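Contents: one structure, followed by commentary.
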Amino acid sequence: MNRPKFDDIKSYEEFIKYYWYRDELQAICKSLHLEYNGEKKDLNKIIESYFNGILIPHKSKPTSKARINDLTLDTSLLDCGFTFGPRFREFFIQITGDQKFKFTADMVATVKVVKETKDKEFTLRNLLDIKYGNKSYAKFDNSSCQWNQFLKDFCADKDNDIYREKLKTASRFWKLLRNSDLPKVYSKEFIEKNRDKI
């Protein structure tokens, strides 16, 4: 079963049978003048609301941003207009001395929840505690990594050693699975059933 165009889908239940990339979800939301920022699960919720008759309009981002010199570890994340951009990365590099400082997936999940709940008590120090595992606030939802898991499982299956170009082959199988209404997980049965289509 091929994935239909979004305009031909009549319900959210039908919509979620198919796999959609984040950029596809953003394009759908933009075309409907809905909020289009966020992770895949956020965009899916916006589209679910759309099918339920609730429109969530696009919000523009706040423009006030603090300079690095104005930041301290006790600065409220909400008050400084926090983003995962170079300004705040540089701040954390200065604080930690770690020139290779990177934001983690759990930090991203935490900032999202802090902004949603408008938690003015949450500080940049708290965010640093999240990075180093000294505090827990929100965990990253790995369900948006279905392709990555499919690829890992495909490559781990010794039966697939027959393919010279594993990445290319896996992506072809993934495209078939993505456009079907089957669960988006690797299975030997799916590979066997669809070998002749590759």
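Under 8 Å between Cβ atoms, which residue pairs at least 6 apart in sequence (or on different chains) link something in region 1-25 that is touching a residue at least 12 places away in the same chain (Cβ under 8 Å) with a partner that is hydrophobic (A, V, I, L, M, F, W, C) and not in a helix (DSSP H, G or I)?
What qualifies is F15/I9.
Kindly indicate the residue of region 21-61 that is touching an Asp or Glu at 6+ places or on another chain (Cβ under 7 Å) and among the aliphatic types (A, V, I, L, M) and also nearest to V108 (Cα to Cα) among those meeting that condition.
I46
Counting only residues that are modelled with pLDDT of 90 or more and loosely packed, with under 14 Cβ neighbours inside 10 Å, give me the helices (runs of 4 or more DSSP H) lying completely in region 112-184 with at least 2 of them.
Fully inside region 112-184 and qualifying: 146-156, 166-178.
When region 26-41 is examined, which residues are found to be under 26 Å from L176 (Cα atoms) and in contact (Cβ under 8 Å) with a residue 60 or more places away in the chain?
E39, K40, K41, listed by residue number.
The values are calculated or read from the model by the stated rules, or taken from the named source; none is laboratory data. From a predicted model like this one, the values you see are computed outputs, not experimental measurements. Counting neighbours? That spans all protein chains shown, and the Cβs are built from the backbone with ideal geometry, glycine included.
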